[in-house]
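For reference, the structure is listed below as structure tokens.
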Amino acid sequence: MTNRLENLLKDLYEKLWQAFGPQGWWPGDTAFEMAVGAILTQNTNWANVARVLADLKEAGLLDPRPLREMPLAELARLLKPAGYYNIKAQRLRNFLDFLADQAQDSMEALAREDLEGLRPALLKVRGIGPETADSILLYALDKPTFVVDAYTHRILSRHNLAPEHCSYEELRRLFMDRLPPEVSLYQEYHALLVRLGKEFCRPRPRCQVCPLEGWPEGWTYPG
DNA sequence: CACCAGGCAAGTA
DNA sequence: TACTTGCATGGT
């Protein structure tokens with residue numbers, strides 16, 4: 001007999017798909033744009049990030065070399081609408097240096113490396129934590145790693161599928177140990193969780209009933 | 001006005 | 001290991 005949690009995770013995915021359909025994530029035309037977006041969206045509304053990405057694209061600066069070579073203060077000025085602009089300028093610069101050293105500024109070259117080696121290497125970059133690393137790996141580089149974010153944790157704990165307090169790695173393994181390692185499945189599952197979270201699983205005052213058929217029970221406020 | 005948004009690192013105990 | 005704090009803009 002298969003695991004109960006495994007069946008629930010697969011059922012949740014089916015219901016999300018029925019309710020919302022394909023999400024087409026990550027937003028972005030190129031692998032590099034997705035990686036930059038992953039860094040800029042740290043604790044930040046996507047609309048603010050989109051503004052910066054559009055400005056960079058307009059200026060022809062959405063490219064590894066010019067971004068890496070420009071003065072840090074100028075980069076920070078460009079990132080202003082995305083918030084945390086000083087710290088994000090340094091973090092983006094750190095990633096750009098990594099991309100230069102590791103793959104000669106080429107996301108395509110980076111994508112030729114194995115997940116098992118790439119993930120630890122990305123995590124060593126100052127400013128790239130587990131969620132940012134997994135977002136880059138899954139969406140920009142098409143590697144089968146599951147992305148965990150605040151919505152993932154909130155949704156699973158409200159349905160009593162995961163402890164209120166658990167680590168990033170614990171949640172990541174919860175999915176990866178029970179689902180086949182398919183890139184398109186992981187991409188769509190995470191995007192659907194964010195879609196559900198944005199509309200129905202906000203922090204307490206604006207929390208709503210889960211709209212998925214058969215899933216409202218167990219959906220409770222935390223604490 | 002307060003609160004939130006697709007985190008992360010550094011400091012403290 | 002487990003808290004706490006700083007980082008900052010724009011929308012609701």
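Each reported figure results from applying straightforward, stated rules to the coordinates on display, with no laboratory input. All values reported here derive from a predicted model rather than from experimental measurement. Backbone-built Cβ (ideal geometry, glycine too); neighbour counts: all protein chains shown.
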Compactness index (Cα Rg / 2.2 N^0.38 Å), chain A: 1.06
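Within a Cβ distance under 10 Å of A:L212, other residues only, what is the Lys/Arg minus Asp/Glu net charge? Kindly include the intermediate steps, with their values, before the conclusion.
Details: positive: A:K15; negative: A:D11, A:E14, A:E213.
Summing Lys and Arg as +1 and Asp and Glu as -1 gives -2.
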Computed helical MRE - 222 nm, chain A, DSSP H runs ≥ 4 contributing -39500 (n - 2.57), nearest 500: -17500 deg cm²/dmol
Approximate spin-label separation A:Y84-A:A19, in nm, with each point projected 7 Å along Cα-to-Cβ: 2.8
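Taking 8 Å as the Cα distance limit and 6 or more residues as the minimum spacing, I'd like the relative contact order of chain A as a percentage.
Working: 239 pairs, mean separation 50.6, N = 223.
Relative CO of chain A lands at 23 percent.
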Above-threshold pairs, the threshold being 18 Å between Cα atoms, out of A:K88/A:K124; A:K15/A:K198; A:K88/A:K198: A:K88/A:K198
Volume per residue that the Cα convex hull of the stretch A:31-140 spans, once the total is divided by residue count, Å³: 87
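Between A:E108 and A:E170, what is 0.36 nm times their sequence separation minus the Cα-Cα distance? Round to one decimal in nm. Please list the in-between numbers first.
Numbers: separation 62, 0.36 × 62 = 22.32 nm, distance 3.01 nm.
So the extension gain works out to 19.3 nm.
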The stretch A:31-140, relative contact order [Cα under 8 Å, separation at least 6], %: 32
Kirkwood Rh (inverse of mean 1/r, distinct Cα pairs), the stretch A:156-203, angstrom: 11.9
For the stretch A:101-200, average projected area of the Cα convex hull in nm²: 6.9
Cα long-axis angle, helix A:85-103 against chain A (0 to 90 degrees, to the nearest 10): 80
